[in-house]
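The values are calculated or read from the model by the stated rules, or taken from the named source; none is laboratory data. Computed from a predicted structure; not experimentally measured. Every residue, glycine as well, gets a Cβ built from its backbone with ideal geometry; the counts of neighbours run over all protein chains shown. What goes into the accessible areas is simple: the full protein's heavy atoms, side chains included, and nothing from ligands, DNA or RNA. Shrake-Rupley method; radii C 1.70, N 1.55, O 1.52, S 1.80 Å.
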2 protein chains.
Amino acid sequence: MFDLIIIGGGPAGLTATVYALRKRLNVLLITKDLGGKTNFRLQLPDVEHHLVINGEEVVNRFVNEIEYLDFSRVMDKVEKIQKAPGGHSVRVKSGTEYLAKALVIATGANARRLNVPGEKEYMMRGLCYSAVSYAPLFIERNTAVVGDAGLALRSAAELAQIAKRVTLVAPTHGELDSALGKRLLASSNVVVLEGYQVQRVNGDDYARSLVVKKNGDTREIAADAIFVELGLDANSDVVGGLAERDLEGRIKIDARNRTSAPGIFAAGDVTDAFAEQVLISIGEGAKAALSAYEYLLGQPVEEPVAAGEWR
Amino acid sequence: MFDLIIIGGGPAGLTATVYALRKRLNVLLITKDLGGKTNFRLQLPDVEHHLVINGEEVVNRFVNEIEYLDFSRVMDKVEKIQKAPGGHSVRVKSGTEYLAKALVIATGANARRLNVPGEKEYMMRGLCYSAVSYAPLFIERNTAVVGDAGLALRSAAELAQIAKRVTLVAPTHGELDSALGKRLLASSNVVVLEGYQVQRVNGDDYARSLVVKKNGDTREIAADAIFVELGLDANSDVVGGLAERDLEGRIKIDARNRTSAPGIFAAGDVTDAFAEQVLISIGEGAKAALSAYEYLLGQPVEEPVAAGEWR
């Protein structure tokens, strides 16, 4: 039986694993990949990334450490988590079942897709799913944002501070009546295309334009970068029936990254914690591991306890 | 008037400042130093630090960035914060008063001292105030921990997993009756010296022993490292009367690093958030800056809004 199983190898899960290893817990990381979203960087012509992307060097160091300590990981997909005596069981796709006293869920979230031609081809090549990390790159450039809820409006507002022009493609009226929506509508460098649907993404080596349509009106919007801001879907189904989730499906956590299920902790984009920044996920992963460690320290053990048998 | 004033230049405050600068806020960092606790590293004979200390490279990069952008900082001590029209005023020791729409308090915490001869001399040279970061270094070594509350007991338990011997100097009975206290008392490699007071720290280039005394009994305890775990005092007096604090004086924050005072945010060791790790403070600083940014985005502005006037 493991002390701790961590599910998911993005920034939060990697950090939790490294912290747990340093606490000398008997730990297993189960993940489909190492690095998570840091493996996907927006590629743009003529842009230096080191200016805006933080935390990658930390993630890379942790990836190296875990690749070196290969006993500590299984590359597989988790299919089911169930309560088991003394903890939980975790079944993976290949059929194996692992037992642990505590779990950290760090399975992340996926951005909702447009599902139009050209999207896959230009994904991270001029088209991406979060303006928040990249906005500083677009001084005096043309950008397009797709979406009509708070996330899209905030991205458009942030880009409007620096970009030459922001075209907001709002498929419905959405939250355009909010204070922020009104400011966007009144702004001199924002064009709001309400009721338009995205038809396709065009480009060469990089995405260069969006084709949008409203009834009979079809337009092509040129942009140096296109941000699809339709929201995130948390990959939280593995804790269905075990831990509480909010209305958007994110796992609810407290200040110590505990879920409503004793022994199950969560960190990063799968939770209802704030913001999707890599450095924030790293901090959340560290908190989850230390919180699980304290939980394990409080678990009953046989006495007397000898050196090296503190778990 | 600034958009945002950040008080404190440790990991949380530095990160908040860099994030705020990247959001193109009109920002000012007021601090006595840059780097905070990362300037204090435990020095030990024959030990490689890169194995255990995380986040320093991120902090160093942020220090460099802020040193370069010298318009963004004032090296001074904050004496008083008061409500002012549209935000708060911040008065520093040299007498100047700065105004801002929002504040991030990242003033950290100080470890309680022993106040005995030798303490200052050997501080961070074999003697330090948090085992949690350094425990992995002490495989098969002798260590001493001073304190009798939960913090000291947890540090002793963590060291007991790997160290050859842990001597816990408990000035009073404290929490020795807790489950953890009982496990320590039963452990074969932990010696608990209850009711002993520390008299002095002895050493050569590094701390080598603690002199402790109980009534007439004086003992000298040799140790490769000495951890003083008497607790932390949050530097939260600047928000006295403005924002709620817990019983230990830490500023209460929610999941978005908001305090009970609108427009005042807080991050890092000054708050009631979990754990004192550098990587956690970095994540908390990023969250506080982004939360303040969203707060500012929601603040009223004159319309219509032109490009570059989004604040």
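For the segment A:281-289, counting C-beta atoms of other chains within 10 Å of every residue's C-beta and taking the mean gives 6. Take residue A:248, push a point 7 Å out from Cα through the beta-carbon direction, and compare it with the same point in every other copy: 3.1 nm, smallest first.
Restricting to bridges with both residues inside the stretch A:113-228, how much of the DSSP beta-bridge set is antiparallel, in percent to the nearest 5? Given both bridge residues lie in the stretch A:113-228, the antiparallel proportion sits at roughly 40 percent. Here the sum of -39500 (n - 2.57) over DSSP H runs of 4 or more residues, divided by the residues of chain A, equals -7000 deg cm²/dmol at 222 nm, to the nearest 500. Of all aspartates and glutamates in the structure, those lying under 17 Å Cα to Cα from residue A:214, and not within fewer than 8 positions of it along the same chain, are A:148, A:194. Taken over the stretch B:117-162, the alpha-carbon convex hull comes to 79 cubic angstrom per residue. The mean count of C-beta atoms from other chains within 10 Å of the C-beta of residues in A:10-19, rounded to a whole number, is 1. Placing a label point 7 Å from Cα along the Cα-to-Cβ axis, residue B:194 is separated from the same position in the other copies by 7.3 nm, shortest listed first. Label-to-label distances for residue A:222 across copies, nearest first, come out at 7.9 nm, using points 7 Å from Cα in the beta-carbon direction. Listed by chain and number, the lysines whose alpha-carbon sits under 21 Å from that of residue A:164, ignoring those within fewer than 8 places in the same chain, are A:182, B:23.
Judged by the ratio a/c of the largest to the smallest principal axis of the C-alpha gyration tensor, the stretch A:1-141 counts as prolate, that ratio being 1.5 or greater while a/b is larger than b/c.
Kirkwood Rh over alpha-carbon pairs of chain B, then Stokes-Einstein at 4 °C and 1.567 mPa s: what D in µm² s⁻¹, rounded to an integer? Spell out each step's value before the answer.
Working: Rh = 20.9 Å.
In µm²/s, the coefficient rounds to 62.
Chain A and chain B together bury an accessible surface of about 5200 square angstrom, both sides counted, with a 1.4 Å probe and no ligands or nucleic acids included.
In this structure, the amide hydrogen of residue A:73, modeled 1.01 Å from its nitrogen in the peptide plane, lies closer than 5 angstrom to those of A:29, counting only residues at least 5 positions away or on a different chain.
Going down the list A:101/B:287; B:37/B:120; A:37/A:101; B:37/B:77, which pairs span over 21 Å between their C-alpha atoms? Among A:101/B:287; B:37/B:120; A:37/A:101; B:37/B:77, the Cα-Cα distance tops 21 Å for A:101/B:287; A:37/A:101.
Keeping the other protein chains in place, figure out the carbon and sulfur percent of the accessible area of the protein assembly as shown, with a 1.4 Å probe.
Details: 12040 of 25800 Å².
That fraction is 47 percent.
Within the stretch B:66-177, all pairs of alpha-carbon atoms sorted by distance into 5 Å bins from zero give the percentages 2, 9, 14, 14, 12, 8, 8, 11, 11, 8, 3, 0. DSSP assigns beta bridges within chain B; of those with both partners inside it, close to 45 percent run antiparallel. Inter-label distance, residue B:99 to residue B:222: 6.6 nm, where each label sits 7 Å from its Cα along the C-beta direction. Dipole check for the stretch A:113-228: with +1 at the C-beta of Lys and Arg, -1 at the C-beta of Asp and Glu, and the Cα centre as origin, the magnitude is about 40 Debye.
A convex hull fitted to the Cα coordinates of the stretch A:113-228 yields 91 cubic angstrom per residue. The two copies B and A are related by a rotation, and the chain B beta carbon nearest its axis, with distance in whole angstrom, is B:283, 1. Using heavy atoms of the protein chains and a probe of 1.4 Å, the accessible area assigned to residue B:172 is about 70 Å².
Taking only the C-alpha atoms, wrap a convex hull around the protein assembly as shown and report its volume per residue in Å³ as a whole number. Don't jump to the answer; show the numbers that get you there.
Details: hull volume 101.1 nm³, N = 622.
For the protein assembly as shown, the hull spanned by Cα atoms encloses 163 Å³ per residue.
DSSP beta bridges fully contained in the protein assembly as shown are about 45 percent antiparallel. Take each residue in A:98-109, count the other chain C-beta atoms within 10 Å of its C-beta, and the mean is 0.
The Cα center of the stretch B:87-140 and the Cα center of the stretch A:55-122 differ in position by 36 Å.
Taking a span of 30 Å or more along the helix axis (Cα atoms) and a mean Kyte-Doolittle hydropathy of at least 0.5 as the rule, no DSSP H helix of chain A qualifies.
Please report the projected area of the stretch A:148-203's Cα convex hull averaged over all directions, in nm². Intermediate values should be presented prior to the final figure.
On the way: hull surface 15.9 nm².
Value for the stretch A:148-203: 4.0 nm².
From most to least packed by mean Cβ count within 10 Å, the peptides A:213-225, B:185-197 give B:185-197, A:213-225. With protein chains left intact and a 1.4 Å probe, residues in the stretch B:164-311 average 43 Å² of accessible area per residue. First check a/c for the stretch B:248-296, with a ≥ b ≥ c the square roots of the eigenvalues of its C-alpha gyration tensor; if it is under 1.5, answer rounded, and if not, answer prolate when a/b is larger than b/c or oblate otherwise. The shape class here is oblate. Across every pair of non-identical alpha carbons in the stretch B:174-239, the mean reciprocal distance, once inverted, gives a Kirkwood radius of 14.4 Å.
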